[in-house]
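This report refers to the structure that appears directly beneath it.
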Amino acid sequence: MASVALGKLSIHYSDAGRGPAVLLLHAFPLHREMWLPQVEALAGQYRVIALDARGLGQSRPAPESLTMELYADDAAAVLDHLGINKVVVAGLSMGGYAALAFAKRHRTRLGGLVLADTRATADSDEGRAGRLAFIDQAAKFGMDWVATEMLPKLQRQQPLPHVEAELRRLIRTNTVLGVAAAQRGMARRADATQDLSAIACPTLVMVGEEDRLTPPAMAQELATAIPNAKLITLSGAGHVANLEDPARFNVALLDFLQALKSTPLPP
Ligand code: MLT
């Protein structure tokens, strides 16, 4: 694990393997280690970068608001630091919101896009109000409350004990300040729907069939709006499909990456 200083900010990331670069953007309220099964599966053939968004994991300090633009630009700064230009970006949920921001702001660097368990739409007024209430409750009751609140939403209907334990571990290493910043940033995120038709790189959309936060209908909307996107639905998985069904998630990811290798992209 390494870090890069951006002014007073330190962004922590892992950098494993060699080959074409793949950037992994994590979900809320987790951090880069949610991608451990994917880092392990990909690092034999790819250079896999996973970073902690500002305020989460070990990246400090937390901003007032972790906007998706900030998350995307920090990711681009890590790539600059590593001398990587072209990259395949994979984001799950909040990481998917940031991946869409990356696709808009750093279009020329994007060699492929993977959007897992995510959506392009902004929050409803009710959704935004829910995030503000969440921030208040988290401030009062702390990270145990955050874990109890989020665990059922993140998982399939019949949770897998090892996944639940891993999610709890990931959540509890975060802080109330970081979680609040991410909630504010997600509440403020723009609707990216109108940007989808301009995505020109190969795109894979994945979703757990039992995803309650961003259900399959949202994945279908994404896949329909992005030119030539491929949609894969993972039965028996919920929102954190990469942890609940790493075997099938990784096969889908590796197949997608392999196909990219055989269709070279313009520089
Ligand atoms: C996530 O899994 O990243 C978040 O729950 C997404 C959200 O709150 O919109």
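Where a number appears in this text, it was derived from the coordinates with a stated rule and is not lab data. For clarity, every value in this text was computed on a predicted model and none was experimentally measured. So basically every Cβ, Gly included, is an ideal-geometry build from the backbone, and we count neighbours across all protein chains shown.
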Completion exercise
Fewest-first ordering of Thr118, Thr108 by Cβ atoms within 10 Å yields Thr108, Thr118
Exercise for the section: Per DSSP H run of at least 4 residues, take -39500 (n - 2.57); add these up for the chain, divide by its residues and hand me the 222 nm value, nearest 500 deg cm²/dmol. Expected result: -14000 deg cm²/dmol
Fill in the blank from the handout: Rounded to the nearest 5, the percent of DSSP beta bridges in the chain running antiparallel is 30 percent
Practice task
Can you tell me the relative contact order of segment 2-262? Whole percent, Cα pairs under 8 Å, sequence separation 6 or more.
Solution key: 20 percent
Problem - Gap separating the Cα centres of segment 202-244 and segment 1-65, nearest whole Å - result: 22 Å
Exercise for the section: Find, among the GluC sites (Glu not before Pro) in segment 99-173, those assigned to loop by DSSP (not H, G, I, E, B) with at most 11 other beta-carbon atoms within 10 angstrom. Expected result: none
Practice task
Would you order Leu92, Leu132 from fewest to most other beta-carbon atoms within 10 Å of each residue's own beta-carbon?
Solution key: Leu132, Leu92
Practice task
Pick out the long, greasy-scoring helices in the chain: whole DSSP H runs spanning 15 Å or more along their own axis by Cα, mean Kyte-Doolittle at least 0.0.
Solution key: 68-82, 94-105, 176-187, 246-262
Problem - Lys/Arg +1, Asp/Glu -1 at C-beta; the chain dipole; positive extreme among Leu66, Gly238, Ala180 - result: Leu66
Exercise for the section: Please report, in debye to the nearest 20, how large the charge dipole of segment 2-262 is about its Cα centre when each Lys and Arg carries +1 at its beta carbon and each Asp and Glu carries -1 there. Expected result: 580 debye
Practice task
Multiply the residue gap between Ser197 and Lys8 by 0.36 nm, knock off their C-alpha separation, and tell me the result in nm, one decimal place.
Solution key: 64.3 nm
